[in-house]
Amino acid sequence: MRLESLSTLNYRNLAPCTLRFGAGVTGVFGENGAGKTNLLEAIYLALTGQTDVGRLEQLVQSGESEAYVRADLESGGSLSVQEVGLGRGRRQLKVDGVRVRAGDLPRGSAVWIRPEDSELVFGSPTLRRAYLDSLLSRLSARYGQQLGRYERTVSQRNAALKGGEAWAMAVWDDALVKLGTEIITFRRRALTRLGELATDANAALGSRKTLELKLLETTTPETYAADLTGRRAEELARGSTVSGPHRDDLVLTLGGFSASEYASRGEGRTVALALRRAELELLAERFGEQPVLLIDDFSAELDPGRRAFLLELAAGVPQAIVTGTERPPGAAAQYWAQSGRFTPLDPLDGPLDMKPEKKAELEEVH
Ligand SMILES: Nc1ncnc2c1ncn2[C@@H]1O[C@H](COP(=O)(O)OP(=O)(O)O)[C@@H](O)[C@H]1O
Ligand SMILES: [Mg+2]
């Protein structure tokens, strides 16, 4: 998969633009608040249809009511256009002019690495579940569908529990066990390969402690039905479904100890980076094509080992877009970001701060 160009209109602080991207590493550098993260977010949205903001309105430039992003892509020799329109609480996706659902977009197109990824290690189980579910939904469309059905079943079942509808539980339990069993089985299977890749990546990052991925399950396929019946009274009292894959955690252990509880900040960042490299490799294995790699703020990574790892990762894929407050070394092309605008620069130019006349000239253009 290769991103040929990205166009945006009314997207956060980005000025209307069309940016072209070539093969290899494209560097995007500029001061804080320039719009670098927003650019990567727009690219990720156009490629995957996904965003993790609470309200879609946040993505629309303040003062405007709609936003638009478009990616022109090349994959296996053919070209396609993916468009995302955003309005009040609405998101409309199109591929080559035809409306599609998020599940219909190519599923292995991008991986996004960000400084906030440490939250995968130190944050709540919800974040680790979201990482796992998002990755597994990309590996298997069926997983995404069944997960959606399972989540709807849990919320309807919870409503029935709150309404004290004990008589209706047999029907809800059947649906939950069927869907939940499929989810648990798929997670266990996928985790074997994901765990191997993450363990390898963590070792490649120089960690001397072994990283292992495990599921902390609240139930099993064999016991799910009995677990639900056994905790019926508790569930009716609490008005919620207390066991099942929506309550399971992805436990990350480092040298045998839970990374969430015992890892240092630095070890945690290494683990998060290992999870992202595993994601990249798993998607490449599954789809036989490397995703576009987006690395946000490589310069926020102060540890020389991890910084080198990030830059090597970018250099090792067919296409990567790397942002930072300084220029990422080794980039084939560069954009300078300022106030939501992106100016192409000659990658061989010296640092901007050493060339005041160049800087003045660029600022004039802006
Ligand atoms: N919906 C929006 N409308 C206008 N500006 C926005 C919107 N959302 C975020 N911004 C602005 O975008 C800027 C942050 O851009 P960001 O991409 O995070 O910068 P950085 O280059 O540091 O990564 C902030 O100044 C913020 O106010
Ligand atoms: Mg940023």
For Thr253, Thr51, order by how many other beta-carbon atoms lie within 10 Å, fewest first: Thr51, Thr253
³J(HN,Hα) computed for each position of the stretch 209-223 - Karplus, 6.51 cos²θ - 1.76 cosθ + 1.60, integer Hz, glycine/proline x: 9, 6, 8, 10, 10, 9, 8, 9, 9, 8, 7, 10, x, 5, 10
Antiparallel content of DSSP bridges confined to the chain, in %, to 5: 70
For Glu301, residues with placed amide H under 5 Å, excluding near neighbours: none
For Val177, Val98, Val84, order by how many other beta-carbon atoms lie within 10 Å, fewest first: Val98, Val177, Val84
Tensor-based shape of the stretch 251-299 (alpha-carbon gyration tensor, a/c under 1.5 rounded, otherwise prolate or oblate): oblate
Ranked packing of 307-316, 15-24, most packed first, by mean Cβ within 10 Å: 307-316, 15-24
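All of the numbers you see were taken from the coordinates with simple rules; none came from a lab. These numbers come from a predicted model, not from an experiment. Note that each Cβ is placed from the backbone with ideal geometry, even for glycine, and that neighbours are counted across all protein chains shown.
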